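Quick notes on the structure that follows.
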Amino acid sequence: MRSATLGATVFSAVMLLLFSPTSAVAQDADTTPTFAKDIAPIFQKNCQSCHRPNSVAPMSFMTYQEVRPWARSIKNRVVLGEMPPYRYDRHVGIQDLKDDLRLSESEIETIARWVDEGVPFGDRADLPPPASFPDLNEWAYEAEMGPPDLVIPTKPYTLPAEGADVWWRPIVASGLTEDRCLKAVSVRASATGRGVAHHANSQLLNFDEETQEWVEVERLSEYALGKAGEVVPEDACRLLPADSMVRWDVHYYPNGERVENDVIEMGVWLYPKGHQEQAKNKQDLKLYSLLMKGAELELPPHGTAMTQGFHSFETPVRIDSFQPHGHFRLVGKTLEIFDPKTGDLEMVSSVSDWTNDWHTSHIYADDAAPLVPAGSVLVITGYYDNTAANRQNPDPNQWVGGGSRSADEMSHAWIAVTHLDDESYEQQVAEREAKEAAKRANNN
């Protein structure tokens, strides 16, 4: 476990040293950041979508008066990489990601210096115009894609104020009357149920004429706290069959307040008709376990553990996204690719300061998504800390085993994979090599 957290710890220590008051004082007074000129634009871009009235954050950062009381706390959180809530390691593996919420290192330095210099407001004329944000009830992706083509809700469920974990698994109709390819999917918890819905997954069911039974055919979505959704690349198809049913799997955990008739909704955007023929590559979203067959995850009191999973494919694939999953004792997870022909082990993604409060699907940029030859192996490693040093650990005195309850631990990752044939794989490799050659030529 120590190896996964070492990078984040060293990075945090260096950042704190760099941004100490002594370092800030040495800066030229003429370059001292001000709220109006330097800080407000950063907050508009990275913070205010959540930190605004009646939004998901506990306080608003829309004005200087609202920000100033929290300045010291803001500096600490951004220097440690805890805010904005996108726990993905810098300088390790692929860094070109879609919807990356992280502040740049220069933005972190600017915020730290501003706090160390006494949070000056600056010239009011430097303030940017107030930013506008979508309504809180607007769907993720609605700004760029419009409203969803389908909205698939759960059946209502009433959760008591107290009690143990609850799983609600209603089956509802998808509403599809013909086969279509999924473009994007986003699950939206209700305002009252957001704090108690740990996850809400969904599976497509199709009727098997031979067995006369409903059978699982495709994972439709995965939602956990903090996740916006998934977007399927244009060259792929995640098929939604006609007349299919949707089986929800909602994990509720009571938080002391009764929630009446809670409904979780799923917005589905579809590619135009005929996309299935144009996009011959199939994409799926699956749970990739980190436990070998027959192995168990067990954490003794005040102990640590590591788990690994190994997965290979018979055809070439492209890894479109990587999402670690665990509960309170998971602290880090990595994704690597092993090439058995060369013996090379490539680090793809690392999250060494993971938190159960934010489940983020890290979506690789189009030209950065790993292209994996047939036979290569995905190596997924998870690190667990059941000691008091783990700040999110509710009780280091407990034995913790694998399981679905919040008090248990889990060991898997959600990964979206596009399955390629040899022709598509070679074409994408060639296109990337040509782009890299063009960049080198331009730089020279």
remark   = Farthest towards the positive end of the dipole of the chain, among His302, Phe133, Gln276 and with Cβ unit charges of +1 on Lys and Arg and -1 on Asp and Glu, lies the Cα of His302
note = note: the stretch 27-104, Cα-Cα separations exceeding 22 Å make up a percent value of 29 percent
task = Have a look at Pro396, Ser312, Pro233 and report the one farthest towards the positive end of the charge dipole of the chain, computed about the Cα centre with Cβ charges (Lys/Arg +1, Asp/Glu -1).
result = Pro396
note = Residue separation between Thr31 and Phe121 times 0.36 nm, minus their alpha-carbon distance, gives in nm 31.0 nm
message = Can you give me the % of accessible surface on the chain that is carbon or sulfur? Probe 1.4 Å, all protein chains present, nothing else counted.
response = 51 percent
query = Using 7 Å Cα-to-Cβ label points, what is the Lys435/Glu314 separation (nm, one decimal)?
reply = 3.0 nm
message = Using DSSP to call loops (not H, G, I, E or B), can you name the GluC sites (Glu not before Pro) in the stretch 285-347 whose Cβ has at most 13 other Cβ atoms within 10 angstrom?
response = Glu296, Glu314
query = Cα-based Rg of the chain per 2.2 N^0.38 Å, rounded to two decimals?
reply = 1.04
query = Over the stretch 332-372, what lengths in whole Å, largest first, do the semi-axes of the equivalent ellipsoid take, defined as the square roots of 5 times the eigenvalues of the alpha-carbon gyration tensor?
reply = 24, 14, 6
note = Measuring from its Cα centre, the stretch 205-350 shows a charge dipole (+1 at each Lys and Arg Cβ, -1 at each Asp and Glu Cβ) which, in debye to the nearest 20, is 460 debye
query = Along the positive direction of the dipole of the chain (beta-carbon charges: Lys, Arg +1; Asp, Glu -1; about the Cα centre), which of Asn206, Asn443, Asn386 reaches farthest?
reply = Asn386
Stretch gain in nm, segment Asp366-Glu105, where the contour uses 0.36 nm per residue and the Cα spacing is subtracted = 91.6 nm
Per residue, in Å², the accessible surface of the chain once ligands and nucleic acids are set aside, probe 1.4 Å = 49 Å²
request  = May I ask for the angle, rounded to the nearest 10°, between helix 105-116 and the longest principal axis of the chain, with both axes built from Cα atoms and the value confined to 0 to 90°?
outcome  = 40 degrees
inquiry  = Go through the cysteines of the chain and tell me which have no other cysteine Cβ under 4.7 Å away.
reply    = Cys47, Cys50
note = At q = 0.09, 0.16, 0.22 Å⁻¹, the log10 of I(q)/I(0) for the stretch 48-185 from a Debye sum over equal Cα scatterers comes to -0.49, -1.12, -1.42
ask   = How many nm separate the modelled label positions at Asn443 and Lys98, each set 7 Å beyond the Cα in the direction of the Cβ?
value = 2.6 nm
note = Here the FRET efficiency for Arg77 versus Arg194, based on Cβ atoms and R0 = 22 Å and rounded to 0.05, is 0.55
request  = Any of Lys183/Lys435; Lys286/Lys341; Lys75/Lys98; Lys45/Lys98; Lys183/Lys280 with alpha carbons more than 18 Å apart? Name them for me.
outcome  = Lys183/Lys435; Lys286/Lys341; Lys75/Lys98
remark   = Taking 393-400, 31-38 and ranking on average Cβ neighbours within 10 Å, highest first, one gets 31-38, 393-400
note = In nanometres, the difference between 0.36 nm per residue of separation and the alpha-carbon distance of Lys280 and Asp165 is 37.3 nm
task = With a cut-off of 11 Å, note down the residues of the stretch 205-225 whose backbone N falls inside the zone around a label point 7 Å from the Cα of Asp243 toward its beta carbon.
result = 207-209
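The values are calculated or read from the model by the stated rules, or taken from the named source; none is laboratory data. Since we're looking at a predicted model, the values are computed, not measured. Cβ atoms come from the backbone with ideal geometry, glycine included; neighbour counts cover every protein chain shown. When the accessible area is computed, the model is the full protein with side chains, heavy atoms only, and any ligands, DNA or RNA have been set aside. Shrake-Rupley method; radii C 1.70, N 1.55, O 1.52, S 1.80 Å.
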